[in-house]
DNA sequence: TCTGATTTTGAATGTCAAGTCAAATTTCAA
DNA sequence: TTGAAATTTGACTTGACATTCAAAATCAGA
């Protein structure tokens, strides 16, 4: 459901979906009980397909490294082509408008630029290896921000421990 | 706004927010023009605070490595304590219910387990260093899934190139 | 072609949450 | 103590969807 990836679950109306399917709203209800079921079915299908692809990679005759690498590449392709909305994100433009949206994007960019500067400095003084800053930045912020999704206070690690170990792992990309 | 982090932007009603603030809806409207503005103001505040913290880290007398590391730890802490919903995520339980939710979580776990197996294998045959699988898994999937947010077909890299370089960077965590 | 079954349609209905507002309450300075 | 300004209240309005449904259209086999 690429529409949903675009606009987000709640902001996508059944009419949007119907339009995308070249149907009318009523017609969609002939096939799906309700909106939740529709999203469920398609999400499930995508997950299952990804799962199958992953299983195939697992079964290939490759070194561990090559295998994990391939799994990652396949996964990335699925994410980007929207075949798996593994995670149903909300983009700022689904929440903010006009002036406000600009300001939020601006602040995020500022923040991101600071992070870039940190990476840049490290590369210049030779502490870090040369990398594509933009991508590494996305990786680092992405990995960290995603913690909102999975963090649970029930885990055995304290926030501080968690933060430290994640920082250390991510640092390895640059060392 | 921790409520929003819990339930997601659209699913959080003004009454939820008001309740959290120990106010009534009408009261909230005395201070904020509308829902979008309310979320904007608080989001902006959080971003600005994070920005300031980051600037402070920038200004400290530390090696590049220590500086970036500290920036990451602070960021993680902000993300986890919900002080910065840098990214407004949607968790599966905000979309699916009951049976469906279980099935989606199950499929995601299966997928995640496969990835774990790949990491495990590599650690066992000595290709990878020893890591905390769970965390590294979150980092890897998190970094990748986040691409939905920032990927734009306008970029100079093809999907394949992008997927490959991200895979390579992430692999560094394990080598 | 006819006919029953499948599918589509779009108008009608119901619900829920955003946003409004006049009246009630609280605050506080003189 | 008093009254004007600030704040809070909760009932009310409104609009935007999700969902329903009876009627119309399409299809497929006899």
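Below, the figures for the structure above:
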quantity: Which numbered condition residue A:76 misses (of (1) away from DNA strand D (no atom under 16 Å from the Cβ); (2) under 22 Å from the mean Cα position of the chain (by Cα); (3) more than 7 Å from chain B (Cβ to nearest Cβ)); calculated: (3)
quantity: Which numbered condition residue A:33 misses (of (1) away from DNA strand D (no atom under 16 Å from the Cβ); (2) surrounded by fewer than 14 Cβ atoms within 10 Å (Cβ to Cβ); (3) part of a loop (DSSP other than H, G, I, E, B)); calculated: (1)
quantity: Any hit, region A:142-149, residues being touching a helix residue (DSSP H, G or I) at 6+ places or on another chain (Cβ under 9 Å) and over 27 Å from residue B:40 (Cβ atoms); calculated: no
quantity: Given (1) modelled with pLDDT under 90; (2) over 22 Å from residue B:136 (Cβ atoms); (3) in a helix (DSSP H, G or I); (4) within 7 Å of another protein chain (Cβ to nearest Cβ), number of the condition residue A:93 does not satisfy; calculated: (4)
quantity: Candidates B:127, B:152, B:112 - the one that is outside any helix (DSSP H, G or I) and more than 8 Å from chain A (Cβ to nearest Cβ); calculated: B:152
quantity: Selection count, region B:48-65, where residues are surrounded by fewer than 15 Cβ atoms within 10 Å (Cβ to Cβ) and in a helix (DSSP H, G or I); calculated: 6
quantity: Check on residue A:173, free of Cβ contacts under 8 Å to residues at least 60 places away in the same chain, within 24 Å of the chain's Cα centre (by Cα), buried (at least 16 other Cβ atoms within 10 Å of the Cβ) and outside any helix (DSSP H, G or I); calculated: yes
quantity: Of all residues making up region B:36-47, the number that are surrounded by fewer than 15 Cβ atoms within 10 Å (Cβ to Cβ) and within 15 Å of DNA strand D (Cβ to nearest atom); calculated: 0
quantity: Any hit, region B:38-47, residues being under 20 Å from the mean Cα position of the chain (by Cα) and not in a helix (DSSP H, G or I); calculated: no
quantity: Condition broken by residue B:157, with the remaining ones in (1) facing chain A (nearest Cβ under 7 Å); (2) in a loop (DSSP other than H, G, I, E, B); (3) free of Cβ contacts under 8 Å to residues at least 40 places away in the same chain satisfied; calculated: (1)
quantity: Members of region B:8-19 found to be surrounded by fewer than 15 Cβ atoms within 10 Å (Cβ to Cβ) and either touching a residue at least 24 places away in the same chain (Cβ under 8 Å) or more than 8 Å from DNA strand C (Cβ to nearest atom) (or both), listed by number; calculated: B:19
quantity: Residue count, region B:116-139 (criterion: surrounded by 20 or more Cβ atoms within 10 Å (Cβ to Cβ) and touching a residue at least 12 places away in the same chain (Cβ under 8 Å)); calculated: 5
quantity: Filter result for residue B:99 (at pLDDT below 90 and more than 7 Å from chain A (Cβ to nearest Cβ)); calculated: yes
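The values are calculated or read from the model by the stated rules, or taken from the named source; none is laboratory data. Small disclaimer: the values here were computed from a predicted structure and weren't measured. Heads up, the Cβs are rebuilt from the backbone with ideal geometry, glycines too, and the neighbour counts pull from every protein chain shown.
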